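The values are calculated or read from the model by the stated rules, or taken from the named source; none is laboratory data. Predicted, not measured: the structure shown is a model, and the values here were computed from it. No Cβ is skipped: glycine too gets one built from the backbone with ideal geometry, and neighbour counts run over all protein chains shown.
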Amino acid sequence: MATQKSGPPTAGMDDNTLLATYGAGALVSVGGAVLLAAPLASLLSGRGWATRTDRVPATVLTALVRGPGAAYDPAPPAWLFYLLTVLLLVAVLVLVVKAVSLLDRSGRTGGAQWGGAKVERKLAAPQDPVRRANRITAGRGMRTKKIVAAQPNISATVFGVPGSSKTTGLVLPNAAEWQGPLVVTTTKAADLDIIYARRQHFGPVWVIAPAGIPGRTTQKWSPVDYCTDAKAADRMAAWMAEASSSGDDKRAAPWIDQAKSVLKGVLLAASLSGGGVSAMRRWLGLGKDAVDHVRAVLLQHGYTEVAEDYASPWLRLHEDGIGSIQFSLNVLARVYADEEVRETCSGTDFTVEQLLDQNGTVCLIASEADAERFAPLLTSIIASIIHGAEVRYNTTGKPLDPSLGVMVDEAGNMLRYPRLPNILTTGRGMGIDVLTVWHDLSQLRDRLGTQKANTVLSASGLRMLLPGCGDLETLRYFSGLYGRTEVMRTSHGRSRGEYSTNTSATETDLAPVHSLQQLPDFTAIAQYSNQAPIKVKMRLTFRDKDLKKLLAAPVPPTGTVSLDKSAPWRETDLHV
């Protein structure tokens, strides 16, 4: 038999005693209702206060069987007596249920709990997207059916494997409803079709697809064009060099730093000479053999210090060090190996200032097979946009409103941005909201390192787990995050011919690993800030009624770039 720790007041009673208690309570309730209903019925009917003519037990029994006229004087109307009796019994029942509920709560010994309707109401967001600007939505609450969302300017980190509806149930709904400038990534052009018309409603849309989209016009963006001076080249070199590393390898850090100096010189020289991405790629491939040419270009334009920093690693490092630098440069050169990529990067069709001023949208598209190879380029675009938003904030002293949305699907493959923890920490005050979707915690830690990954999770006000995750590290993290609860378990025993029931508290995980792994389709768990976790129904673009209506609504032409396969490219399409 279980040892009793705590429980409701009935815990420890044998079954006969418990039944006797329930019976006595029922008799008292019925008797009290009868004794009160008769005088009230007489009083309400205008006959005065009725008094009983016999003892209490006889009065109750007689009134119920023969009517109130046989037990009270003056006699109240029978219909009113029975009506009041029923109403009083219902009131007693409600009070009993409420009391039992309170006793059950007081009987709990603590522990974690699901947020339920209470938390859903706290996170509830207006139905109209305009009224919930700057808020990342998680889905619809399972209890209230209302849209739940983070508070304004709060970023989110999501874990969802392929097939978890992370794109159609989270990234695309947020992208479609985002009221401010936006940069969004996806692996399929078909995903872009879903939100393209809707994003045109807000401003110009620029589509960057390094490998191109068959039959469609896309726009251009060049890292070389960004490098208009030494400082800009230094930033771009840092973003590209850091993105050339596939993980947080401390041993590679010194060579990445050396590669930054080399890359800075190459980028600036390519910009100054007008050689563009083709010259950059050629010089990256030549490595040490391009020193004289690149240095000459830099010196010709008066960039003496940049020229010295560029040439220094080639002239003073040992062969192994040079080989490590060249490895990083080769990774970057490989990004631009295809003619389609060089064509995409042969010019720049928009600036960050245009994106922010015109409330535009930048869509980055790379297939799953190419996403990792193009990560340095995609990261450079995203990083330059984030930097532009930071500059805007530093210039005006005011956060962007509406906020800049940065929504990165397949972040583990497309984004290699070591400053992500910093942006999540400071972005709220600047008006930069970030939504990143990772396959699992292992992928996040592999890309950023354990410490930075932990900061990402801590700095994200909204943390979500989507169905189908099979990574034990991820499942254990969320199981531990949600905490442990205490449940009441009942055991039965028999002693001296009598049955008894004992209820005791047992500690267990609020969300065991197996339950997290077996989340139903289109169901996610959202945990916001210091609130208890809640289960939400994902808002699928092809199922949610409000989203379907929003995406199907006609959008007036804005002069933005067309994705129509037959639409010719026009210079005016890029400047609205």
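Things worth noting here:
- Residue within the range 336-351 that is closer than 30 Å to residue 399 by Cβ, touching a helix residue (DSSP H, G or I) at 6+ places or on another chain (Cβ under 9 Å) and among the aromatic types (Phe, Trp, Tyr) present: yes
- Filter result for residue 531 (under 16 Å from the mean Cα position of the chain (by Cα), in a strand (DSSP E or B) and closer than 30 Å to residue 151 by Cβ): no
- The single condition among (1) surrounded by fewer than 21 Cβ atoms within 10 Å (Cβ to Cβ); (2) at pLDDT 95 or above; (3) touching a Leu at 6+ places or on another chain (Cβ under 9 Å); (4) over 30 Å from residue 282 (Cβ atoms) that residue 229 does not meet is (4).
- Residue among 292, 309 that alone is of a type in the set (Asp, Glu), surrounded by fewer than 16 Cβ atoms within 10 Å (Cβ to Cβ) and either part of a helix (DSSP H, G or I) or at pLDDT 95 or above (or both): 292
- Residue count, the range 116-165 (criterion: in a loop (DSSP other than H, G, I, E, B), hydrophobic (A, V, I, L, M, F, W, C) and out of contact with any Leu (no Cβ under 7 Å at 6 or more places or on another chain)): 5
- Verdict on residue 284 being surrounded by 21 or more Cβ atoms within 10 Å (Cβ to Cβ), part of a helix (DSSP H, G or I) and touching a strand residue (DSSP E or B) at 6+ places or on another chain (Cβ under 8 Å): no
- Some residue of the range 357-369 being more than 24 Å from the chain's Cα centre (by Cα), surrounded by fewer than 20 Cβ atoms within 10 Å (Cβ to Cβ), free of Cβ contacts under 8 Å to residues at least 40 places away in the same chain and more than 23 Å from residue 191 (Cα to Cα): yes
- Options 503, 490, 436; residue that is β-branched (Val, Ile, Thr), surrounded by fewer than 16 Cβ atoms within 10 Å (Cβ to Cβ) and either assigned to a strand (DSSP E or B) or in the same structural domain as residue 387 (by TED's automatic domain parsing) (or both): 490
- Scan of the range 438-483 for residues that are among the aliphatic types (A, V, I, L, M) and modelled with pLDDT under 95, ordered by number: 448
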